[in-house]
Each structure stands twice: as structure tokens, then as C-alpha cells.
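**Student:** I have a structure here, written as C-alpha cells, and I will follow up with some questions on it.
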Amino acid sequence: MFIKKEANMKRKLIAMVVTGAVVASMAPTFTAHADTHTVAMICDSSISDGGWGMACYNAMMDAAEKCGWETMYSDSIAQSAYYDTIVSYCDLDVDMIYAPGNQYTDAVLQAAEEYPDIAFALLNGGADTPAKAENGNVSSLLPDAKQIGWIAGALAGLMSDTGTIAFIGGMELDTTLAKYDGYGEAAAYVAEENGKSITLLDPVYSGDFSASDKGLEFAKAMMDQDADVFFGDASAVDSGARQAIDEANEAAGEIKVYDIAQPADLLGQNDCVIGSQVTDNSVLIELSMKAVEDGSFGG
């Protein structure tokens, strides 16, 4: 564990932006700290993974710069260390814990009960999670995952030549399932409108957001099933998939298998990336910081 501190139509697609909306109803019951504010992020993937971890870290840094907050983070932590890592920051008296993923819910709720004066911002947390926090100090920052899937699916429906598309997930989270469902719905609709049909392969899950080798393995297997457009929700695993796709395209001598990136704009990072589904998580974090400052955080 590391704890650190720090102040052609196919080729000319632009990145699409979705700004998520915070689950509202912030009750004015939270007691804000009076001194310099600090946010600490925990993450089970690397902040340099070129995917989810990096995007969530950059979102925190952008929000902190706007609000004048100090930042701390721990990345590449094991699931068994979620709670202990959170507590290590609570014991440093940070103002807010930022946990970017539904998988941290249990650890967040446990720590939130024990540290009532600390705010816990859970990105992609369940809509019902804040109500489970006895001290009213947990907030779910919840972009619409199904809409994210719709946008990626619409592009996949347009771009697929084989009629088979694929999805790779990290864990079988509610938000990941919603992205998969939206992806399939929109791809099928757009394909039908354009006189095509689409088959969405069953999702595969790595069980680990850092296992890029799993991404390589999954992508190769799915390309063997004629998948020619990929979308994922698996951080470094997605990076591994893009590597496999680039290698397949290079061997074929042309780009004919594509990837849709998220949540940051990765257009140009890999030759196979044809668009990015961008979610502006920094806005959600900034709103949380302001709520901590004015004492209205919670919900």
C-alpha cells in the first residue's frame, strides 16, 4: 500500500461527454472541519492504468485544485485492504474519503459509522447507500450508467461490420451491468435502423481491475468469436484488451477491430480507439467538497 500526497469518419470521431448527476438530498447535518481541507482517495487499480484509476485520480486532482484542497491517495490496494486503508486516512483526520467504485460500499459504510465527522464520497455508489449510513455522512456520486452504455452502444452499432460486439467488465457491479445492458440496447437499435443486426456476446469479468493480462486473454477469445467492437468497464483490464486489439489489427494490416474507451478521453492513445465515453467525475467531487465546506454533506 502506498500513501502519497500532492498539491476518416472512423478516425475523426470526437469524444462524447456525459456529465453525471449527483444523487441529491444532502441533509444539513454534517459537521465540517474548520482547518485546511484534505481529501484522500483509495483505489484498487493504479492511478497510471490509462483507464478508470487514472481518470478518477485526475478528477480528484482537478476538483481539489478548484476548491483549494490538499490530496492524498493509495492505489493498487487489495480488496482485503479497503477498510484498513480507509481507516488509516480517517486516523489522519482527513475531511473526506473518496472511494471511486461500488465495490468499496461495505468498507465505506463500516468506516463511516466509526468516523461520524468524516465525509465519505462513494462514486458509483448505490442510490440507497446513503440511507444506510447511520451518521448521514455518506454520499453516492451517481452518473447514469445505463446512459453511458447507450452512447457507447450507439457507436458500436454504427461501426460493427461483423455484427458481433463485446463487453469486458472488472467486477459484476450494478453499474457495470447497467452499462452492459445500455450498450446492447443501443447497439441493437442503431444497427436495426441501419439495416444490420447485432449480437452482443455475454460479458466477461476479470474479478480484478489491475489484471491487464486478463484483458489480453478476453479480447483474443472474443475476436475469435468475430467481435469487432469492444467496450469495457475494467480499468487496466481494458488497457490489456486494447493492446490485443492493436496487435490483431497490426497483423491484419488494417484497423478493423475497434475499442470505445471510458471514462476518460483516450482517443489517440491506441490506434483501435474510435471514441471515448467521457464522464466528468471532477464535477461530482467538486460538489462534494463544497458540501463539506458548507456543512451540507450527506445523502
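**Student:** For the condition within 14 Å of the chain's Cα centre (by Cα) and more than 28 Å from L200 (Cβ to Cβ), what is the one hit in L92, L122, L109?
**Tutor:** On the way: L92 fails: within 14 Å of the chain's Cα centre (by Cα); L109 fails: within 14 Å of the chain's Cα centre (by Cα).
Just one listed residue meets the conditions, L122.
**Student:** Sticking with this structure for a sec: Name the single residue, out of those in segment 32-64 being exposed (fewer than 14 other Cβ atoms within 10 Å of the Cβ) and more than 21 Å from the chain's Cα centre (by Cα), that is modelled with the highest pLDDT.
**Tutor:** T36
**Student:** Are there helices (runs of 4 or more DSSP H) fully within segment 51-138 with at least 3 residues that are over 28 Å from V278 (Cα atoms)? List them.
**Tutor:** 82-90, 105-114
**Student:** To continue, here is another question. How many residues are more than 16 Å from the chain's Cα centre (by Cα), among the small types (G, A, S) and closer than 28 Å to V292 by Cα when one looks only at segment 129-155? Let's see the steps before the verdict.
**Tutor:** Residues of segment 129-155 that are more than 16 Å from the chain's Cα centre (by Cα), as a first pass: 129-139, 153-155.
Next cut, among the small types (G, A, S) only: 131, 133, 136, 139, 153-154.
Subsequent filtering for residues that are closer than 28 Å to V292 by Cα retains 131, 133, 136, 139.
Residues meeting the conditions: 4.
**Student:** Within the set of pairs 6 or more residues apart or between chains, which connect a residue that is of a type in the set (F, W, Y) inside segment 118-134 to a residue that is not in a loop (DSSP other than H, G, I, E, B) with Cβ atoms less than 8 Å apart?
**Tutor:** Hits for this filter: F120/M96; F120/I97; F120/A99; F120/V108; F120/A111; F120/A112; F120/V138; F120/S139.
**Student:** In addition: Take the residues in segment 147-181 that are hydroxyl-bearing (S, T, Y), closer than 20 Å to Q225 by Cβ and in contact with a strand residue (DSSP E or B) (Cβ under 8 Å, 6 or more places away or on another chain); name whichever of them is surrounded by the most Cβ atoms within 10 Å (Cβ to Cβ).
**Tutor:** Y180
**Student:** Right, next: Got a sec? Which of D259, D265, D246 is under 21 Å from S46 (Cβ atoms) and modelled with pLDDT under 95?
**Tutor:** D265
**Student:** Would you point out the residue of segment 214-237, among those that are at pLDDT 95 or above and of a type in the set (D, E), that is surrounded by the fewest Cβ atoms within 10 Å (Cβ to Cβ)?
**Tutor:** D224
**Student:** Here is a further query. Please go through segment 109-128 and pick out each residue that is surrounded by 23 or more Cβ atoms within 10 Å (Cβ to Cβ) and within 15 Å of D174 (Cβ to Cβ).
**Tutor:** Within segment 109-128, L122, L123, N124, G125 meet the criteria.
**Student:** Identify, from the list S239, S282, the residue that is among the small types (G, A, S) and within 13 Å of the chain's Cα centre (by Cα).
**Tutor:** S282
The values are calculated or read from the model by the stated rules, or taken from the named source; none is laboratory data. None of the values given here were measured: they were computed from a predicted structure. As a convention, Cβ positions derive from the backbone with ideal geometry for all residues, glycine included, and neighbour counts pool all protein chains shown.
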